[in-house]
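Student: Can you read through this structure? Questions will come right after.
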Amino acid sequence: GELLVRYLGVPLVSTKLGQKDCKALFDLIMHRVKTWASNYLSFGGRLQLILATLASIQVFWCRTFILPVSMVKLCERMLRSFLWYGVGDAKRAGKVAWAKVCHPNEGGLGIKSMWTWNKAAILQLVNITVASSWSWRNVLKLRECLARNLVYSIRDGRATSLWWDPWINGEALITKNGARVPIDADILMHAKVSAVIVNRQWAWPLNSWVLREIDTLVQQKCIEQGPDVIHWLSKGKPFSCKAAWQVMRHILLKVAWADIVWFSNCIPKHSFCLWLTFHNAHRTTDKLRSYGVVEANQCMFGYGGLESIDHIFFGCKFTAEI
């Protein structure tokens, strides 16, 4: 059966989260889009609304569940439709691919990919201990990404699993060296790191060449006083969704024209127009002619020349006087 109540706006489900369970999220975003659809907003205005309002609606959901892929696609399709056409249900493609839009100063508009943001936000739940729930099993699917970016400060060693936690170079000893190592070391599988610390000194058994290699690695780690501490990316750096998002997304090189388009006190409408120009995304008649939409591609301002982005911005006498 289904529970008829919600908690903080999200569904209470005992099974796998489905698309219909997330309908409230979809309806909320669509309601906002329909509210603004009749206001004749510019591209820049719609972009600001997406960044300031629409993108934040799903934040709480993303920090609670790993959303179904189908729901992520529906929500992103709605955002894409609103950005390019001012409505939430347009079937046409945008002027620039959504994958390019979802980048910051690397050639995009700064809109975060909902799927990447969901994975980054859900990492905050790693301290939950309900190991049998569907939500927790989905969080565990991200543990490899999490482990690669954790830095352990070993102190008393009582809170860190010797074999299972990735406390040496982001990888668990049992994963790297196999199940034979605990047997060779004569140390229990559930032992803590404190089992190989004596008087704040490493005391690894040296019964095999693998154990000797491990001993060489751990000698580089200084044992400090106090309880063990786990850091994100580097020592002293706390976990944040933004930092996790930076790690999980596909980072591109910053484009040379980023500071020309986006700067403090820029006019969003003008910046968006210039951004489209750098992406060669304006639907000039030379492009429409190549699609078979129009036959002629003469400049519509009547000063001669073929209409193209280069002509409009640099060669047209009419636009030069504006």
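Student: For the stretch 276-287, state whether one or more residues are free of Cβ contacts under 8 Å to residues at least 60 places away in the same chain, acidic (Asp, Glu) and touching a Ser or Thr at 6+ places or on another chain (Cβ under 9 Å).
Tutor: yes
Student: For the stretch 197-213, name all the residues that are under 19 Å from PRO227 (Cβ atoms) and touching an Asp or Glu at 6+ places or on another chain (Cβ under 9 Å).
Tutor: Matches in the stretch 197-213: ILE197, ARG200, TRP202.
Student: Step by step: first the residues of the stretch 243-262, then only those that are free of Cβ contacts under 8 Å to residues at least 24 places away in the same chain and under 25 Å from SER56 (Cβ atoms), then the one that is farthest from the chain's Cα centre (by Cα). Which residue is that?
Tutor: VAL261
Student: Considering only residues of the stretch 44-68 that are more than 17 Å from the chain's Cα centre (by Cα) and buried (at least 21 other Cβ atoms within 10 Å of the Cβ), which is nearest to LEU276 (Cα to Cα)?
Tutor: Restricting to residues being more than 17 Å from the chain's Cα centre (by Cα) and buried (at least 21 other Cβ atoms within 10 Å of the Cβ), the top hit is LEU47.
Student: Now for a separate question. Considering only residues that are touching a Gly at 6+ places or on another chain (Cβ under 8 Å) and β-branched (Val, Ile, Thr), which ones fall in the stretch 18-76?
Tutor: ILE29, VAL33
Student: Taking ASN265 as meeting all but one of (1) touching a residue at least 60 places away in the same chain (Cβ under 8 Å); (2) not in a helix (DSSP H, G or I), write down the number of the exception.
Tutor: With respect to (1) touching a residue at least 60 places away in the same chain (Cβ under 8 Å); (2) not in a helix (DSSP H, G or I), ASN265 is out only on (1).
Student: OK, next. Does ILE309 qualify as being within 30 Å of ALA195 (Cβ to Cβ), buried (at least 16 other Cβ atoms within 10 Å of the Cβ) and at pLDDT 85 or above? Full working, then the answer.
Tutor: Details: within 30 Å of ALA195 (Cβ to Cβ): no; buried (at least 16 other Cβ atoms within 10 Å of the Cβ): yes; at pLDDT 85 or above: yes.
No.
Student: Being loosely packed, with under 14 Cβ neighbours inside 10 Å and over 12 Å from VAL181 (Cα atoms) is the filter here; which residues of the stretch 191-216 pass it?
Tutor: VAL198, ASN199, ARG200, GLN201, ALA203, THR216, listed by residue number.
Student: Let me ask something else. Could you list, in sequence order, the residues of the stretch 298-322 that are aliphatic (A, V, I, L, M), under 42 Å from the mean Cα position of the chain (by Cα) and assigned to a loop (DSSP other than H, G, I, E, B)?
Tutor: ILE322
Student: Looking for something among the small types (Gly, Ala, Ser), in contact with a Phe, Trp or Tyr (Cβ under 7 Å, 6 or more places away or on another chain), in a helix (DSSP H, G or I) and closer than 23 Å to THR116 by Cβ - is there at least one such residue anywhere in the stretch 243-250?
Tutor: Step one: list which residues in the stretch 243-250 are among the small types (Gly, Ala, Ser), which gives 243-244.
If we keep only those that are in contact with a Phe, Trp or Tyr (Cβ under 7 Å, 6 or more places away or on another chain) as well, we get 243.
Remaining after also requiring in a helix (DSSP H, G or I): 243.
From what is left, the residues that are closer than 23 Å to THR116 by Cβ are 243.
Checking the stretch 243-250: at least one residue is among the small types (Gly, Ala, Ser), in contact with a Phe, Trp or Tyr (Cβ under 7 Å, 6 or more places away or on another chain), in a helix (DSSP H, G or I) and closer than 23 Å to THR116 by Cβ.
Student: If you check every pair at least six apart or on different chains, which have Cβ atoms under 7 Å apart with a residue in the stretch 99-118 that is assigned to a loop (DSSP other than H, G, I, E, B) first and a residue that is of a type in the set (Ser, Thr, Tyr) second?
Tutor: CYS102/SER113
Student: Being in contact with an Asp or Glu (Cβ under 6 Å, 6 or more places away or on another chain) and touching a residue at least 12 places away in the same chain (Cβ under 8 Å): is that true of PRO11 here?
Tutor: So PRO11 fits the description; yes.
Student: Also, quick follow-up: Of the residues GLY110, GLY86, which single one is closer than 17 Å to LEU49 by Cβ, at pLDDT 90 or above and among the small types (Gly, Ala, Ser)?
Tutor: GLY110
Student: Determine if the stretch 164-186 includes at least one residue that is in a loop (DSSP other than H, G, I, E, B), in contact with a Pro (Cβ under 6 Å, 6 or more places away or on another chain), at pLDDT below 90 and farther than 25 Å from GLN58 by Cα. Before the answer, list the steps.
Tutor: At the first step, the residues of the stretch 164-186 found to be in a loop (DSSP other than H, G, I, E, B) are 164-167, 169-170, 172, 178-179, 186.
Imposing the further condition that a residue be in contact with a Pro (Cβ under 6 Å, 6 or more places away or on another chain) reduces the set to 172.
Adding the requirement that they be at pLDDT below 90 leaves 172.
Those left that are additionally farther than 25 Å from GLN58 by Cα: 172.
Yes, the stretch 164-186 contains a residue that is in a loop (DSSP other than H, G, I, E, B), in contact with a Pro (Cβ under 6 Å, 6 or more places away or on another chain), at pLDDT below 90 and farther than 25 Å from GLN58 by Cα.
The values are calculated or read from the model by the stated rules, or taken from the named source; none is laboratory data. None of these values were measured; they are calculated from a predicted model. Cβ sites come from the backbone with ideal geometry, for glycine too, and all protein chains shown count toward neighbours.
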